[in-house]
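What follows is a set of notes on a single structure, which appears directly below.
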Amino acid sequence: LADMPNEKTKALQQAAANAQANQRSADAYSTLGYAYLQNGQLDNALQALQVAVSSGQASPDTAFFLANALEKKANDGNTKPDDKAKLLDDAKKLAQGAIRSKGLFVYRAGAEEFYKTKLGGTLPLPP
């Protein structure tokens, strides 16, 4: 739903309810973070995605969502140069880790494109 223009608000409401009901679920917080990101609520997205990653059970998709949010924060026009460099470095590391992952990764193609266009990375990644 979060990818559908007319359903973003509904997706956010459902994701928030799911995260509230499943407070120990990294996937629930990942979904919430993605819904916030799709609704333009960057700070809320970062907070939810960092909760998802901190659990130690984050999927490659979650790492990609967080990389995307960090890149947006770095380039929001309000970030100090030193902070921007760190945010972009963190985003690049997360994207690289996600791209290198084996197994299911729904947004792999999007992550690879993001890595090349938004982070200036090149593929394939070295081992």
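Straight-line reach from Lys102: taking Cα to Cα under 20 Å and skipping same-chain neighbours fewer than 8 places apart, the aspartates and glutamates in range are Asp27, Asp61, Glu112, Glu113. Straight-line cross-link partners of Lys86 among the aspartates and glutamates, defined as a Cα under 12 Å from its Cα and at least 8 positions apart when in the same chain: Glu71. Applying both filters, DSSP loop and at most 12 other Cβ atoms within 10 Å, to the chymotrypsin sites (Phe, Trp or Tyr not before Pro) of region 15-49 eliminates every site. At a probe radius of 1.4 angstrom, the accessible area of region 35-121 per residue rounds to 53 square angstrom.
Label sites at Leu42 and Ser25, each approximated as a point 7 angstrom past Cα along Cα to Cβ, lie 2.9 nm apart.
Of all the options Leu46, Leu70, Leu104, the one that moves most in a Gaussian network model of the chain with Cα springs shorter than 10 angstrom is Leu104. The separation of region 12-37 from region 67-92, counted between C-alpha centres, amounts to 23 Å.
Please compute the net charge surrounding Ala45, taking Lys and Arg as +1 and Asp and Glu as -1 over other residues with Cβ under 13 Å from its Cβ.
Charge balance in the 13 Å sphere: 0.
Note on the chain: with neighbouring protein chains present and a 1.4 Å probe, carbon and sulfur make up 50 percent of its accessible heavy-atom surface. If the segment from Lys80 to Glu113 were pulled out straight at 0.36 nm per residue, it would be longer than the present Cα-Cα gap by 9.3 nm. Of all lysines in the structure, the ones whose alpha carbon falls short of 22 Å from that of Lys80, not counting any fewer than 8 places away in one chain, are Lys72, Lys92, Lys93, Lys118. When the inverse distances between all different Cα atoms of the chain are averaged and flipped, the Kirkwood radius reads 14.7 angstrom. Compared with the alpha-carbon gap, the fully stretched path from Asp89 to Gln14 is longer by 23.8 nm at 0.36 nm per residue. Remark: region 24-37, residue by residue, has Karplus-estimated 3J(HN,Hα) of 9, 9, 4, 5, 5, 6, 5, 4, 4, x, 5, 5, 4, 4 Hz, where x stands for each Gly or Pro and the curve is 6.51 cos²θ - 1.76 cosθ + 1.60 at θ = phi - 60°.
The values are calculated or read from the model by the stated rules, or taken from the named source; none is laboratory data. Model, not experiment: these values are computed from the prediction. Positions of Cβ are backbone-derived with ideal geometry, glycine not excepted, and every protein chain shown enters the neighbour counts. To get the accessible areas, we keep the full protein, side chains included, count just its heavy atoms, and leave off ligands, DNA and RNA. Shrake-Rupley method; radii C 1.70, N 1.55, O 1.52, S 1.80 Å.
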